[in-house]
Amino acid sequence: MPLPTINPTATQSWKKLQEHYKKINNVHMKDLFAQDSDRANKFTITWDDFYVDFSKNRITEETFNYLLELADEVKLKDAIASQFSGEKINQTEGRAVLHTALRAPNNAEFYVDGVNVMPEIHQVKQKIESFTNDVVNGNLKGFTGKPFTDIVNIGIGGSDLGPAMVVESLQYYKNHLTTHFVSNVDGDHVNEVIKKLNPDTTLFVVVSKTFTTQETLSNANTIKDWFLKTASQEAIAKHFVAVSTNIESVKSFGIDQNNIFPMWDWVGGRFSLWSAVGLSISLAMGYNNFDNLLNGAHKMDNHFKTENFKTNIPVVLALISVWYNNFFKAESEAVIGYSQYLNQFATYLQQGIMESNGKSVDRNGDAIDYETGTLIWGEPGTNSQHAFFQLIHQGTKLIPADFIGFVKSLHGNQDHQDKLTSNFLAQTEALLNGKSKDEVIAEGTDASIIPFKIFKGNKPTNTIFINKLTPESLGKLIAIYEHKIFVQGIIWNIFSYDQFGVELGKQLASKILKEFGTSAIGNHDSSTSNLLNYYKNLS
Ligand code: F6P
């Protein structure tokens, strides 16, 4: 069954939400808390080691019910079933969307075109596991007989951001191998990484689903040339492995057939860290940790698939986000992890959220006249408190924010953890309550600066409080956001799993690149022509 094609703005619940918005727009959350002593409990979901408090939002039970009605009216339940059943819900590319199969137990069944894909997934996982063990234990050696010390992941977008974020987030669990990531076509990136490497002890993992991506192939070729300055052609088989669906192109790059880790077209790039694209994760911290990451995501998949929408974490977070995006017209959302380990999390989410839901044509092929994908940004707390929080607290924009924190610290320094957590809790309290004129006066503030010290408050936040940062809890957290993306795409009636918007720039770049080598230049607007000539003359 294809995905439903319901215009959300034509639903009864949307109309109810529009009317309701007019009433609630001027309500302060402070009053909602004062009126209902049970508010926090009503709007909190506890699940496994997660405590998700969404009570500090500009919602009432009435709002929440209308949002839940919206989920029903757009047939979210059917859409979830379609996704998990392997239907080709990525209709514009004719593909199933089954990243959830990658983290399911081996005895699960997921069918694509009538074939159960689990045995194939299991085979690749076994290959990842034994390769990881051989590299980590030093059984596999480089061309001079030394064990590997460094891993370089060469990829971009989904072939870089997911593994890079996970390796950064879980660095506490890392082994002795040093992991590097090369993504940008900017030669300075690859050259800075090369400076840190010895060719004879470095393993290169070239990750590209299509194996046609300019950045990845350029970086892989530059690294290969550098490698061949000290090593022989045969040594490539020991030092280069690839993850791709395009086996022929990998082989013509020179990578040994045995060193290819396959992936499948039913895994979207930005949802692929659970596949062999996560090989560098497995190498960095061992297969068991990689497997625990997958298990965590699988637990969240089950929660998403089976839990009533009212207590379904990804569904609730998606609905609240739609509420702000489409009714309050909030332009962006912030994600603030109260853990330095999560410093790449917002960057990773940017691709997931904005490449998926940055669409302006609906599933009928018609132009959309309502808002879709949110802008996403963020940095860890407490650093961000000293950077952009001023604007969230006292600026003119409404910026709903997710606060993600952990009860336990990994290094066990309770003094730091208490200070960190006190900030984590204080910020959402301050954003909720603000500070009134009376409070400012009561502090003995000089009359001339009273207006500047008033905080309106009423700034919405979700608090995601997790027991501890582990591979499993990170897997759950990532899966929450993946499913949130899907739910929002369903509500907005868009296709979340294609990304045609990135193609035009790529095509024009290859046209311009050719023009650098000729005296004539093609047909461009005058601005681009001037810039092109400026570069040609000076470079
Ligand atoms: O940015 C476009 C995109 O196609 C992403 O969706 C993808 O993750 C990235 O490029 C890299 O693609 P590939 O893995 O094929 O090199």
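Laid out as a table, the results:
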| read-out | value |
| --- | --- |
| Binned Cα-Cα distances of region 232-288, short to long, each 10 Å bin given as a whole percent | 22, 46, 29, 3 |
| Distance histogram for region 267-392 (every C-alpha pair counted, 10 angstrom bins, percent rounded to whole numbers) | 11, 29, 40, 19, 3 |
| Built amide H within the under 5 Å cut-off of Tyr338, gap 5+ | Gly381, Ile404, Gly405 |
| Hydrodynamic radius (Kirkwood) for region 1-144, which is based on Cα pairs only, to one decimal in Å | 19.9 |
| Dipole magnitude of region 469-513, debye to nearest 20 (Cβ charges: Lys/Arg +1, Asp/Glu -1, about Cα centre) | 120 |
| Overall form of region 324-440 per C-alpha gyration tensor (a/c, 1.5; a/b vs b/c) | oblate |
| Segment Leu228-Leu375, length gained on full extension (0.36 nm per residue, minus Cα span) | 48.6 nm |
| Sites Lys195 and Thr311, calculated FRET efficiency, Cβ-Cβ separation with R0 51 Å, nearest 0.05 | 0.50 |
| Estimated D of region 170-240 in µm² per second, where Rh is the Kirkwood radius over Cα pairs and Stokes-Einstein applies at 4 °C, 1.567 mPa s | 98 |
| Most to least packed among 158-169, 38-49 [average Cβ atoms within 10 Å] | 158-169, 38-49 |
| Distance (nanometres) between label positions extended 7 Å along Cα→Cβ at Ile512 and Tyr172 | 4.4 |
| Largest to smallest principal axis extent of the C-alpha atoms in region 99-290, angstrom | 48, 32, 30 |
| Chain lengthening between Thr44 and Ser252 when straightened (0.36 nm per residue, less Cα-Cα) | 69.5 nm |
| For Trp274, Trp264, order by how many other beta-carbon atoms lie within 10 Å, fewest first | Trp264, Trp274 |
| J(HN,Hα) series, region 167-175, from Karplus relation 6.51 cos²θ - 1.76 cosθ + 1.60, nearest Hz, glycine and proline x | 4, 5, 5, 10, 4, 4, 9, 6, 9 |
| Rough spin-label spacing in nm, given labels placed 7 Å along Cα→Cβ, for Thr347 and Asp72 | 4.4 |
| Over region 79-176: Kirkwood hydrodynamic radius from C-alpha pairwise inverse distances, Å | 16.4 |
| DSSP beta bridge pairing in the chain, given as percent antiparallel to the nearest 5 | 30 |
| Largest-first principal axis extents, alpha carbons of the chain, Å | 76, 61, 55 |
| Amide H contacts under 5 Å for Lys435, placed H, 5+ residues apart | Phe455, Lys456, Gly457 |
| Candidate aspartates and glutamates - alpha carbon under 16 Å from Lys30, same-chain residues fewer than 8 apart omitted | Asp38, Asp53, Glu61, Glu429, Asp438, Glu439 |
| Gained length - Asn533 relative to Gln91, 0.36 nm times residue gap less alpha-carbon distance | 155.0 nm |
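Readers should treat all values here as calculations from the given coordinates under stated rules, not as data from a laboratory. Bear in mind that the values here come from a model prediction, so they are computed numbers and not experimental data. Every residue, glycine among them, receives a Cβ derived from its backbone with ideal geometry; neighbour counts consider all protein chains shown.
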